[in-house]
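What follows is calculated from the coordinates using simple rules that are stated; it is not laboratory data. The structure presented is a predicted model; accordingly, all values stated were derived computationally and were not measured. Ideal geometry is used to build each Cβ from the backbone, glycine not excepted, and the neighbour counts take in all protein chains shown.
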Amino acid sequence: MQANKKIIFYFIVLVFLISAAIIISINILNVYEEREEYEVKNKNVVKQVKAYIDELNLNENVQKFDVKFEGYDVIGLLKIPAIDLEYPIISETTDATMKISISRFWGGDVNGYGNLSLAGHNNYNGTMFGKNNKLKLGDTVELTDLSGNLIKYEIKEIFKTDPNDTSVLKTENDSIREVTLITCSNGRKERLIIKALEINLEEK
């Protein structure tokens, strides 16, 4: 009788574990499919912005184009050749915008003076800022605004810090252009910070 109770108990535990594994697998698959869907949408928005800039270069009187992504304003493009990254930049950072693209966390206009801080998820599948840990000092970050101005920045600092460290948002010189990339690290216990300055700054 005791043996039968043990068998029933182990059977219940096994069923529970299998059910939990199925639920977790379904959730992971749903997240993966959602990210893949947004990757396609991101590429389409990048194409829209580039098409608008091309048209603007041909005709400066072209009607102003307000780019939207899932209802949010797009303010420019971010490109990092070393990790094959290219995304539209959304104007604000919220839980919703963080799911779909790179977003402005702090700062002014794209390619404006001061520190423009951009946030993105460190996705396990390598999308968004999921490959930022592969970047090195000297790698290039490219920002394009909606007027078609492309400015290149060189990575000068790479470090990890506490999630509550707001000093990374500050700029010591409002007369220079800089960009800060922010993403989670170490299971969200830290932030990976990448700081880049406009290239050839000394010559300007």
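Assorted remarks:
- A crude spin-label estimate for the pair LEU137 and ILE12, with each label 7 Å from Cα along the Cβ direction, gives 6.1 nm.
- Entries in LYS99/LYS189; LYS131/LYS170; LYS64/LYS195; LYS79/LYS170; LYS47/LYS134 that, when Cα-Cα distance is taken, lie over 21 Å: LYS131/LYS170; LYS64/LYS195; LYS79/LYS170; LYS47/LYS134
- On the beta carbon distance between ASP54 and ASP174, with R0 = 25 Å, the FRET formula returns roughly 0.20.
- The stretch 119-140 and the stretch 56-115: distance between their alpha carbon centers, rounded to Å: 17
- Think of each Lys and Arg Cβ as +1 and each Asp and Glu Cβ as -1; about the Cα centre, that makes the dipole of the stretch 121-204 roughly 480 debye.
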